[in-house]
Amino acid sequence: MERASATPAPQSPQSPQPTAATPAAAPVGLRLADFQRWFQTIITNPDGLGPGAAAARAAVGRDDASIAAVVTRGHLDPAVRMEVYRNAYHLRLIECLADDFPAVQELLGKDRFTRIARAYITAFPSRQPNLNRYSIRFPDFLAAESRQAFAADLARLEWAMIEAIHAAPAEPFDLAALQTLDPDQWAELRLRPAPASRLLDLAHPANAWFQAWRAGQPLPPARKGRSFVLVYRAGERLWRMDLTPLTADLLRRLFAGETLGAAISALGDAPDLAPRVIRWFREWVAGGVFTR
């Protein structure tokens, strides 16, 4: 599409002047709700303008609700105008997916990503005016429909970051308040994760690939290998932390509501466990992983 200039170009005296458009027949009158349904059915149809128009007539129960009858004639033919909207709808959602999953687009390549995005839009047309959560099904779609296992885990990581960004703010856990507790009371503590905290159990080292891509380093192979990642927000900054299986198990138990004592006891008798737990705990609290 071209943008109209704010200042019209000067015309020579010999330039033909535009003539008024030929008056069109009175448009078919549709109730607002029916018109919205008609319009949405056309622009979201993946099979083209013709099938979309047929589906739209069926959706509102009006055989006479053709594009030419509903859309008033302007400088462009009504069908051309509707095609502009239909293309813009798909392009905007592809742009939304690419904005949410830039690393996945890098991994797959732009053309392949666009093909998968179009299939996703067909399977999950936009139903809400706010697009913040439109991409929520994309990681599972990659895994199930496109069979892109590594890309799906990379998308889960990127979506966890999106959720952390949009999560509600919360008052951070006050580490100084723990100093007022007796040692026996520590074991009974139940900690509440902050709304922005996400714990990921992935089948691939997606965070290592993401970090290399973000840093402009050579990309590691997209291989299998279980990994655990903590995504959290500290103030205005977003953090990603790779975890060992032991630390991931402890966090999983705490996030599930187990007491601190029970969660630590379940870890067994790992060497030097107590000082390590204290160090992890201080890092998590300082980083805002817990809110209470």
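Observations on the structure shown:
- Members of segment 257-282 that are under 23 Å from Arg233 (Cα atoms) and exposed (fewer than 13 other Cβ atoms within 10 Å of the Cβ): Gly257, Ile278, Arg279, Arg282
- Residues of segment 136-159 include at least one that is of a type in the set (Asp, Glu) and within 30 Å of Ala286 (Cβ to Cβ).
- Within segment 48-62, residues that are farther than 18 Å from Arg31 by Cβ sit with their Cβ atoms under 7 Å from residues that are surrounded by fewer than 17 Cβ atoms within 10 Å (Cβ to Cβ), at 6+ positions apart or across chains, in these pairs: Leu49/Ala79; Ala53/Ser66.
- Pairing each residue of segment 241-265 that is charged (D, E, K, R) with any residue that is modelled with pLDDT under 95 and surrounded by 17 or more Cβ atoms within 10 Å (Cβ to Cβ), provided the two are 6+ apart or on different chains, yields C-beta distances under 6 Å for Arg253/Ala263.
- Cross-chain or 6+ apart pairs with Cβ under 7 Å, segment 171-182 first and of a type in the set (Lys, Arg), then surrounded by 10 or more Cβ atoms within 10 Å (Cβ to Cβ): none
So that you can scan it fast, the table gives a plain yes or no per residue for (1) surrounded by fewer than 15 Cβ atoms within 10 Å (Cβ to Cβ); (2) at pLDDT below 95; (3) outside the structural domain of His204 (by TED's automatic domain parsing); (4) small (Gly, Ala, Ser):
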| residue | (1), (2), (3), (4) |
| --- | --- |
| Met82 | no, yes, yes, no |
| Asn87 | yes, yes, yes, no |
| Lys110 | yes, no, yes, no |
| Ala123 | yes, yes, yes, yes |
| Gln128 | yes, yes, yes, no |
| Ala152 | no, no, yes, yes |
| Glu158 | no, no, yes, no |
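The values are calculated or read from the model by the stated rules, or taken from the named source; none is laboratory data. Since the model is a prediction, treat every value here as computed from it, not as a measurement. For neighbour counting, all protein chains shown are included, and Cβ atoms are generated from backbone atoms with ideal geometry for every residue, glycine included.
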